[in-house]
Amino acid sequence: DQQVKQNSPSLSVQEGRISILNCDYTNSMFDYFLWYKKYPAEGPTFLISISSIKDKNEDGRFTVFLNKSAKHLSLHIVPSQPGDSAVYFCAATPEGGAQKLVFGQGTRLTINP
Amino acid sequence: NAGVTQTPKFQVLKTGQSMTLQCAQDMNHEYMSWYRQDPGMGLRLIHYSVGAGITDQGEVPNGYNVSRSTTEDFPLRLLSAAPSQTSVYFCASRALDSLNTEAFFGQGTRLTVV
């Protein structure tokens, strides 16, 4: 039972264009959502997060959008850069369970020059 | 500031062998947890701890034991390794702060059970 789903295993985008990574969830009790970035042979690193009481959070080139009615969130990267090539994981925490991150399967983003 | 340190980085075990994966953090975080990463599965929670002396099971706890005798350390024990435990293991820590749920991860331990 995958509570957090990233249905696109991979995404290829041209440098300078927008990258949009998508994530769907099934548990309406999730109250905090995070995106992590992972390079090969390294641990995941935190990228950006959003509380369930908001619908948008922006940090430089990265923006996360949350649509609670659709149980969907997305990460926008504008403009995309070669260093953005990595695996991106969507994660969520249930209310009162912040120590239990639930991860999606990940999406491998490749930025082409 | 070292953050979260995992040892070893790589390990090969024979079926039935036991070993301990080490995890230490120097950020005085209350929460610590272990995840395994498998292809197409994302990261799945094995065990977690909300403080010294307190541990609990995650999504995939079978075959693993943990203990938390200090705030800094959270070792993961495989009592009798099985090929199904071949995976990449990540330890994470997080501060007890309801306003910030960012978790910090170690670099991972790649375990192969033959």
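The values are calculated or read from the model by the stated rules, or taken from the named source; none is laboratory data. It should be emphasised that the depicted structure is a prediction, and the values quoted were computed from it without experimental measurement. Heads up, the Cβs are rebuilt from the backbone with ideal geometry, glycines too, and the neighbour counts pull from every protein chain shown. Keep in mind that these areas ignore ligands, DNA and RNA; they rest on the heavy atoms of the full protein, side chains included. Shrake-Rupley method; radii C 1.70, N 1.55, O 1.52, S 1.80 Å.
Listing for the model above:
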{"read-out": "Inverse of mean 1/r across different Cα pairs in the protein assembly as shown, Kirkwood, Å", "value": "18.0"}
{"read-out": "Dipole magnitude (debye, nearest 20) for chain B, charges at Cβ of Lys, Arg, Asp, Glu", "value": "500"}
{"read-out": "Solvent exposure of the protein assembly as shown as accessible area per residue, Å², 1.4 Å probe", "value": "48"}
{"read-out": "Cβ charges +1 (Lys, Arg) and -1 (Asp, Glu), total dipole of region A:1-99, debye", "value": "140"}
{"read-out": "Convex hull of chain B built on C-alpha atoms - directionally averaged projected area, nm²", "value": "6.8"}
{"read-out": "Relative contact order (percent, whole number), region A:59-113, Cα cutoff 8 Å, 6+ residue spacing", "value": "30"}
{"read-out": "For region B:35-109: relative contact order, % (alpha-carbon pairs under 8 angstrom, 6 or more apart)", "value": "23"}
{"read-out": "Chains B and A, summed buried accessible surface - 1.4 Å probe, Å², nearest 100", "value": "1600"}
{"read-out": "For region B:62-114, alpha-carbon Rg and Dmax in angstrom", "value": "13.6, 43"}
{"read-out": "Net charge over other residues, Cβ less than 12 angstrom from the Cβ of A:PHE103 (K, R count +1; D, E count -1)", "value": "+3"}
{"read-out": "Karplus (6.51, -1.76, 1.60) ³J(HN,Hα), θ = phi - 60°, over region B:12-20, in Hz, Gly and Pro reported as x", "value": "10, 10, 8, 3, x, 6, 10, 6, 10"}
{"read-out": "Between region B:1-68 and region A:41-113, the alpha-carbon center distance in angstrom", "value": "23"}
{"read-out": "For chain A, projected area of the alpha-carbon convex hull averaged over all directions, nm²", "value": "6.9"}
{"read-out": "Computed magnitude of the charge dipole of the protein assembly as shown (debye, nearest 20; Cβ of K, R +1, Cβ of D, E -1)", "value": "540"}
{"read-out": "Cα convex hull of region A:28-67, projected area averaged across orientations, nm²", "value": "3.5"}
{"read-out": "Whole-Hz couplings from phi, Karplus 6.51/-1.76/1.60, listed for region B:86-97; x for Gly and Pro", "value": "5, 5, 9, 10, 10, 9, 9, 9, 8, 6, 7, 9"}
{"read-out": "Region A:1-48: relative contact order in percent, alpha carbon pairs under 8 Å with at least 6 residues between", "value": "30"}
{"read-out": "Accessible surface of chain B, 1.4 Å probe, proportion on carbon and sulfur as whole %", "value": "51"}
{"read-out": "Antiparallel bridges, percent of DSSP beta bridges restricted to the protein assembly as shown (to nearest 5)", "value": "90"}
{"read-out": "Integer Hz, Karplus 6.51/-1.76/1.60 couplings in order for region A:27-38, x for Gly and Pro", "value": "8, 6, 8, 5, 10, 8, 10, 9, 10, 10, 10, 9"}
